[in-house]
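*Asks:* Take a look at this one; I'll ask things after.
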């Protein structure tokens, strides 16, 4: 869902850069007081994994594909601010090195994927922990709904830029990203099940605590 | 630091597998946003932006190798960048 340059107008680019910049600087300050040294290798490996996974587009039918965004996965492993930092780093490298997502649109891409998807996932997951059902289902629902919310924000930015009317694209964006989001939820659940079996004795995954803490 | 877990080697091998084989594993179909931009007729507004490489390809004279190497390079850059950021954060 990387927005290329040309889709957003200047006011939307500037606004999203400012919003993302403000949110990230708040988050980094918060992380400075809470970040544990033992998280460093996980931060690096998770970033490399999500970058690699984002390169793999999976066909979802009807001549369309989707790939993992990874914000919910990172949030459930390391907590939301670390996740925002990981996804932002990925988006910067993709844009600056590989022309995946525009430079002017980077603020919007960070907002949609590193902030909205992560934080929507954080609130939805923690809300769902109050309801008693399987953790796997909870993770799939979180991945799905956070991806759809991120797609809605993308549609809002496109319409805010007057490139296309919101009514004209909202249903299509939500429709495609419901299928892509289901894939996001399932991949997130599978990766977390694997990590729970293999590394969780040495490293406590953020979602194994009573709800995910915010830093 | 984490005690080295034997699974970490498997995870690293899997990341290298995905990154290097991305030209074979990845579908070239449009993603959700591109599909909407195509069907709603604004895909032609997309512009190339500045970037160091053209898409996911390094200047190597073999397409699979060029895209595979780009995937590996990106994954390594991210690993090193996040390690550095993590070290700066944990110093404070």
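We did not get these values from a lab; they are worked out from the coordinates using the rules stated. Note that the structure is predicted; figures quoted are calculated from it, not measured. Note that we place each Cβ from the backbone using ideal geometry, even for glycine, and neighbour counts take in every protein chain shown.
*Asks:* Where does helix A:135-160 land angle-wise versus the long Cα axis of chain A, in degrees 0 to 90, nearest 10?
*Replies:* Orientation of helix A:135-160: about 20 degrees from the principal axis.
*Asks:* Which FRET efficiency value, to the nearest 0.05, is calculated for residue A:202 and residue B:54 with the Förster distance at 30 angstrom and r the Cβ-Cβ distance?
*Replies:* In this case the efficiency is close to 0.15.
*Asks:* Provide a whole-number value for the mean count of partner chain Cβ atoms within 10 Å of the Cβ atoms in peptide B:41-52. Let's see the in-between values first.
*Replies:* Numbers: counts 2, 7, 3, 1, 9, 7, 7, 5, 13, 7, 10, 5.
The shielding value for this peptide is 6.
*Asks:* Please quote Rg/Rh for the protein assembly as shown to two decimal places, taking the Kirkwood radius as Rh and restricting both calculations to Cα atoms. All intermediate terms of the calculation are to be shown ahead of the outcome.
*Replies:* On the way: Rg = 18.3 Å, Rh = 19.4 Å.
That ratio equals 0.94.
*Asks:* For peptide A:156-168, what's the mean number of Cβ atoms from other chains within 10 Å of each residue's Cβ?
*Replies:* Numbers: counts 0, 0, 6, 0, 0, 1, 0, 4, 6, 1, 0, 0, 4.
Average per residue, whole number: 2.
*Asks:* Based on other C-beta atoms within 10 Å, arrange A:183, A:1 from fewest to most.
*Replies:* Listing A:183, A:1 from fewest to most nearby Cβ atoms yields A:183, A:1.
*Asks:* Now for a separate question. Between A:102, A:185, A:143, which gets the highest mean-square fluctuation from a Gaussian network model of chain A, Cα cutoff 10 Å?
*Replies:* A:102
*Asks:* Using the 10 angstrom Cβ neighbour count as an exposure proxy, how do A:67, A:177 rank, fewest first? Kindly include the intermediate steps, with their values, before the conclusion.
*Replies:* Working: A:67 21, A:177 27.
Placing the least packed residue first, the sequence is A:67, A:177.
*Asks:* In peptide A:193-203, what is the residue-averaged number of other protein chain Cβ atoms found within 10 Å of each Cβ?
*Replies:* Details: counts 0, 4, 2, 0, 1, 6, 5, 0, 2, 6, 3.
For this peptide, the per-residue mean of nearby foreign Cβ atoms is 3.
*Asks:* Right, next: Within segment A:158-192, name every residue whose backbone N is under 17 Å away from a label modeled 7 Å from Cα of residue A:10 along the Cβ vector.
*Replies:* Zone members listed by number: A:161-163.
*Asks:* Looking at chain B, what % of the alpha carbon pairs are farther apart than 20 Å?
*Replies:* Details: 2434 of 4186 pairs.
Result: 58 percent of Cα pairs exceed 20 Å.
*Asks:* For the residue pair residue A:136 and residue A:190, what label-to-label distance in nm results when each label sits 7 Å from Cα along the Cα-to-beta-carbon direction?
*Replies:* 1.2
*Asks:* Quick one: among A:192, A:18, A:68, which has the greatest mean-square fluctuation in a GNM of chain A with alpha-carbon springs under 10 angstrom?
*Replies:* A:18
*Asks:* Quick one: Cα centre-to-centre distance for segment A:180-207 and segment A:32-59, in angstrom?
*Replies:* 13
*Asks:* Report, in degrees rounded to the nearest 10, the 0 to 90 angle that the Cα long axis of helix A:166-198 makes with the longest principal axis of chain A.
*Replies:* Its long axis makes an angle of about 20 degrees.
*Asks:* Please arrange A:17, B:79, B:7 by counting, for each residue, the other beta carbons lying within 10 Å of its beta carbon, fewest first.
*Replies:* In order of increasing Cβ crowding within 10 Å: B:7, A:17, B:79.
*Asks:* With axes computed from alpha carbons, what is the tilt in degrees of helix A:117-128 against the longest principal axis of chain A, rounded to the nearest 10 within 0 to 90?
*Replies:* That works out to roughly 50 degrees.
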